[in-house]
Amino acid sequence: MRHAPIDSQLFVSNRKRLRALLPPGSVAIVNANDVLPSNADGTLAPIPNSDLFYLSGIEQEQSILVLAPDAFDPNQREILFLREPNELLETWEGRKLKKDAAIKMSGVTQVKWLGEFETILRGLLCDAEFVYLNSNEHKRAEVVVETRDARFVRELQQRYPLHSYRRLAPLLHRTRVVKSKLELELMQRAADITNDGLRRVLNFLQPGVMEYEIEAELIHEFTRQRARWAYNPIVASGANACILHYNENDQPCKKGDLVLLDVGACYANYNADLTRTFPVSGKFSKRQREIYQAVLRVMRASIAGATVGKLHRDWTRESKLMMNEELLSLGLLKKSDIKKQSAETPASQKYFNHGLGHALGLDVHDVWQQAEHFTEGWVLTVEPGIYVPKEGIGVRLENNVVVTANGPVDLTAKIPVEADEIEELMQRAARGRR
Ligand code: GLY
Ligand code: MN
Ligand code: MN
């Protein structure tokens, strides 16, 4: 665990919120993620299971959390099962959680070794009515490998075929989308680290710098602040910025071009998801500035529009219509294009060909339910863009905002976004280099 310790109250209250959604007689079980193989005897870097972390703060592989709020034995209402540490494991893999550390971390008072899991679970299931099992459910996730949770679902149903099984995911989506104060503090930390990384880039960026050198500046800052990448960074100069998921990051940043950075820090598993577009030479051309200002206006208006009670679909539609007007002024759309648009495909789609934003949290594209209206505590990215490949210009700006009863609160407000401020910071850095 690289991040600073987290107040276990965060996880205690998350479990409480989930318990409130479970019907009487339920048992809910959440597994850690598998450590995935790569090549030969290699493995990919372990990624904690977001739901397990949300409910327990535990990041260690093979861990299992069992919640049985109505168990007859009060000591069995919350149990965390962990790998039993031993000398060999510690020599090869490092320290594993001891029981007292896991209790402190999670606030779960009953921690057992995995060897006891089968017997205790059998006892709990004899008394249970409903078994809530977890699954990774995201409309864009095309999962072709069997996850640890999926394997567990299959095996448990074979062993206990007569129980009534239910999906835990929709309940977790409802609770996870609303962030608590402690979660928002961690998200603010992720945003602040991202700010420090981007300011470092503003000091460093000049013609001839390679895209991967910018990546190196950012990860230096993130790592020294106990964070990691929230997702593969996009550092896209010139027309590369028009490739939405560009991440080769292997080209030189050329004089007169823009460079688009879609980068975020992940701190304590909470993510920032940020985009800025900077002029490589420290000054926007007239045309670049016009396009930049159009995107900035749409971002600002869309931030203001992220209010309690709104549906994501309506929020997006409003921004796409605003973008129509901007694209008309930029000469990129004609009135006739707008007349021809359909309700599903606004004319602006030609230059702003992705969503306006998404829920953000323990996952970058966080879990949420599209039929739900925004409520206090939702965190959204707001990320309009204009991409004009024939002009070699791609501009996207992306901030992270919290929906509150008093209007949106921008976690990323400190990150320079005004064109004048960006130019000033870059020109000051250039003077310092001379
Ligand atoms: N960086 C991924 C996204 O903006 O959604
Ligand atoms: Mn992004
Ligand atoms: Mn995003």
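The values are calculated or read from the model by the stated rules, or taken from the named source; none is laboratory data. Note that the structure is a prediction, hence the values are computed from the model and not measured. As a convention, Cβ positions derive from the backbone with ideal geometry for all residues, glycine included, and neighbour counts pool all protein chains shown. Areas reflect the complete protein model, heavy atoms only, side chains present, ligands, DNA and RNA absent. Shrake-Rupley method; radii C 1.70, N 1.55, O 1.52, S 1.80 Å.
Going by the conditions given, is H365 within 11 Å of ligand 3 (Cβ to nearest atom), part of a loop (DSSP other than H, G, I, E, B), in contact with a His (Cβ under 6 Å, 6 or more places away or on another chain) and in contact (Cβ under 8 Å) with a residue 40 or more places away in the chain? Full working, then the answer.
Details: within 11 Å of ligand 3 (Cβ to nearest atom): yes; part of a loop (DSSP other than H, G, I, E, B): yes; in contact with a His (Cβ under 6 Å, 6 or more places away or on another chain): yes; in contact (Cβ under 8 Å) with a residue 40 or more places away in the chain: yes.
When the stated conditions are applied, H365 passes them.
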* Check A191 against each of (1) within 16 Å of ligand 3 (Cβ to nearest atom); (2) assigned to a helix (DSSP H, G or I); (3) farther than 30 Å from G57 by Cα; (4) among the hydrophobic types (A, V, I, L, M, F, W, C) and name the one condition it does not meet. => (3)
* To do: Give G94, G42, G57 a once-over and let me know the one that is open to solvent by less than 10 Å² (accessible area, probe 1.4 Å) and more than 16 Å from N134 (Cα to Cα).
  => G57
* Structure fact -> When (1) under 20 Å from C126 (Cα atoms); (2) open to solvent by less than 40 Å² (accessible area, probe 1.4 Å); (3) in contact (Cβ under 8 Å) with a residue 60 or more places away in the chain are applied to L65, the one that fails is (3)
* To do: State whether one or more residues within segment 298-321 are away from ligand 2 (no atom under 16 Å from the Cβ), open to solvent by 50 Å² or more (accessible area, probe 1.4 Å) and more than 25 Å from the chain's Cα centre (by Cα).
  => yes
* To do: Could you grab me the full set of residues in segment 97-138 that are open to solvent by 80 Å² or more (accessible area, probe 1.4 Å) and touching a residue at least 12 places away in the same chain (Cβ under 8 Å)?
  => K98, K104, T109, D127, E129, N136
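Can you tell me which of L362, L380 is within 16 Å of ligand 1 (Cβ to nearest atom) and touching a Phe, Trp or Tyr at 6+ places or on another chain (Cβ under 7 Å)?
Working: L380 fails: touching a Phe, Trp or Tyr at 6+ places or on another chain (Cβ under 7 Å).
From the options L362, L380, the qualifying one is L362.
Any residue at all in segment 402-415 that's in a strand (DSSP E or B), touching a Cys at 6+ places or on another chain (Cβ under 6 Å) and surrounded by 18 or more Cβ atoms within 10 Å (Cβ to Cβ)?
First pass over segment 402-415, keeping only residues in a strand (DSSP E or B): 402, 409-410.
Imposing the further condition that a residue be touching a Cys at 6+ places or on another chain (Cβ under 6 Å) reduces the set to none.
No, that holds for no residue.
I need the full set of residues from segment 272-291 which are open to solvent by 20 Å² or more (accessible area, probe 1.4 Å) and touching a Leu at 6+ places or on another chain (Cβ under 7 Å), in order please.
Result: E290, single match.
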* In segment 20-57, how many are in contact with a strand residue (DSSP E or B) (Cβ under 7 Å, 6 or more places away or on another chain) and not in a loop (DSSP other than H, G, I, E, B)? -> 12
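Yes or no: D262 touching a Phe, Trp or Tyr at 6+ places or on another chain (Cβ under 9 Å), open to solvent by 10 Å² or more (accessible area, probe 1.4 Å), within 16 Å of ligand 3 (Cβ to nearest atom) and on the phi < 0 side of the Ramachandran plot?
Values: touching a Phe, Trp or Tyr at 6+ places or on another chain (Cβ under 9 Å): yes; open to solvent by 10 Å² or more (accessible area, probe 1.4 Å): yes; within 16 Å of ligand 3 (Cβ to nearest atom): yes; on the phi < 0 side of the Ramachandran plot: yes.
For D262, the condition - touching a Phe, Trp or Tyr at 6+ places or on another chain (Cβ under 9 Å), open to solvent by 10 Å² or more (accessible area, probe 1.4 Å), within 16 Å of ligand 3 (Cβ to nearest atom) and on the phi < 0 side of the Ramachandran plot - is met.
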* Structure fact -> Selection from segment 269-295 of residues touching an Asp or Glu at 6+ places or on another chain (Cβ under 9 Å) and within 16 Å of ligand 2 (Cβ to nearest atom) yields Y270, N271, A272, D273, L274, T275, R276, V295
* **Failed condition for N399, given (1) within 21 Å of H173 (Cβ to Cβ); (2) within 16 Å of ligand 2 (Cβ to nearest atom); (3) not charged (D, E, K, R)** => (1)
* Structure fact -> Of (1) out of contact with any helix residue (DSSP H, G or I) (no Cβ under 6 Å at 6 or more places or on another chain); (2) of a type in the set (A, V, I, L, M); (3) within 16 Å of ligand 3 (Cβ to nearest atom), L411 fails just (1)
* Search result, residues across segment 235-292 that are within 27 Å of the chain's Cα centre (by Cα) and among the hydroxyl-bearing types (S, T, Y) -> S237, Y246, Y267, Y270, T275, T277, Y292
* Please work out which one of (1) within 16 Å of ligand 1 (Cβ to nearest atom); (2) surrounded by 23 or more Cβ atoms within 10 Å (Cβ to Cβ) is the condition A347 fails and give its number. => (1)
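Tally up the residues in segment 220-259 that are of a type in the set (A, V, I, L, M, F, W, C) and open to solvent by 10 Å² or more (accessible area, probe 1.4 Å), please.
We begin by selecting, within segment 220-259, every residue of a type in the set (A, V, I, L, M, F, W, C); these are 222, 227, 229-230, 234-236, 239, 241-244, 253, 258-259.
Filter once more, so that each one left must be open to solvent by 10 Å² or more (accessible area, probe 1.4 Å): 229-230, 234, 239, 242-244.
Summing the residues that are of a type in the set (A, V, I, L, M, F, W, C) and open to solvent by 10 Å² or more (accessible area, probe 1.4 Å) in segment 220-259 gives 7.
Yes or no: L380 in contact (Cβ under 8 Å) with a residue 24 or more places away in the chain and more than 16 Å from ligand 3 (Cβ to nearest atom)?
So L380 fails the test.
Among the residues of segment 224-270, write down those that are among the acidic types (D, E) and within 13 Å of ligand 1 (Cβ to nearest atom).
Step one: filter segment 224-270 for residues among the acidic types (D, E), giving 248, 250, 257, 262.
Once the filter is applied, which keeps residues that are among the acidic types (D, E) and within 13 Å of ligand 1 (Cβ to nearest atom), segment 224-270 yields only D262.
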